[in-house]
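Read the structure below first, then the notes.
Where a number appears in this text, it was derived from the coordinates with a stated rule and is not lab data. Keep in mind that this is a model prediction, so the values were computed, not measured. Cβ sites come from the backbone with ideal geometry, for glycine too, and all protein chains shown count toward neighbours.
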């Protein structure tokens with residue numbers, strides 16, 4: 001039986017999701033080339049069945065919004081998925097060189113450390129708006145972590161000498177260690193601190 005590996009390099013056997021809330025939302029079924037071509041786009045919770053590395057590459061293509069504005073754009077996120085996949089593969093190679101560990105396992109660990117558990121919403125009551133702490137849905141937790149990884153990487157590399165693949169590798173490594181050097185971990189702590197004060 002042939003074992004399929006991510007990018008034909010890294011095996012996902014033995015990688016487990018330790019956070020019980022995220023077990024059903026981080027898919028570790030590997031693909032040689034993680035590119036489904038939006039096959040699941042019409043299905044509810046389609047993202048949860050997509051290989052987690054492909055979801056990271058998709059976020060690299062579109063780094064999301066900050067406030068009401070679109071975040072930084074460059075040649076890496078102009079809709080060419082091949083660029084995004086190559087970038088993720090290069091970042092994974094650098095993670096493997098630094099840690100001698102499977103980069104897919106590092107990615108899963110980083111998501112577990114950087115996925116916020118609570119956030120703040122605004123409730124309007126009697127004409128006034130009040131902040132209210134709410135639990136974050138599991139699929140949104142993964143989405144927020146991936147978005148914060150890519151936004152942090154672009155922030156560190158945009159108009160700077162640092163390459164985007166180096167910045168993404170550093171971001172994932174810092175998040176896997178729960179270090180404040182990671183943009184995603186810093187944002188998670190800020191959000192949870194605000195939620196704690198809004199209870």
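Filtering the stretch 95-116 for residues that are outside any loop (DSSP other than H, G, I, E, B), farther than 28 Å from residue 15 by Cα, in contact with a strand residue (DSSP E or B) (Cβ under 8 Å, 6 or more places away or on another chain) and in contact (Cβ under 8 Å) with a residue 12 or more places away in the chain leaves an empty set. Against the criterion of being buried (at least 18 other Cβ atoms within 10 Å of the Cβ) and more than 21 Å from residue 47 (Cβ to Cβ), residue 95 qualifies. When each of 147, 86, 193 is tested for being under 29 Å from residue 36 (Cα atoms) and free of Cβ contacts under 8 Å to residues at least 12 places away in the same chain, the lone residue that passes is 86. Checking the structure you have, find out if any residue of the stretch 122-135 is under 21 Å from residue 196 (Cβ atoms) and in a helix (DSSP H, G or I). No, there is no match, as no residue in the stretch 122-135 is under 21 Å from residue 196 (Cβ atoms) and in a helix (DSSP H, G or I).
Taking the stretch 171-186 as the range and being within 18 Å of residue 118 (Cα to Cα) and over 13 Å from the mean Cα position of the chain (by Cα) as the test, the residues that pass are 178, 186.
Within the stretch 50-68, identify whether any single residue is in a strand (DSSP E or B), in contact (Cβ under 8 Å) with a residue 24 or more places away in the chain and closer than 22 Å to residue 168 by Cβ, and answer yes or no. Checking the stretch 50-68: at least one residue is in a strand (DSSP E or B), in contact (Cβ under 8 Å) with a residue 24 or more places away in the chain and closer than 22 Å to residue 168 by Cβ.
Within the stretch 166-184, being closer than 18 Å to residue 52 by Cβ and either touching a strand residue (DSSP E or B) at 6+ places or on another chain (Cβ under 7 Å) or in a helix (DSSP H, G or I) (or both) holds for 168, 169, 171, 172, 173, 175, 176, 184. Summed over the stretch 150-165, residues that are free of Cβ contacts under 8 Å to residues at least 40 places away in the same chain and either on the phi > 0 side of the Ramachandran plot or not in a helix (DSSP H, G or I) (or both) total 5.
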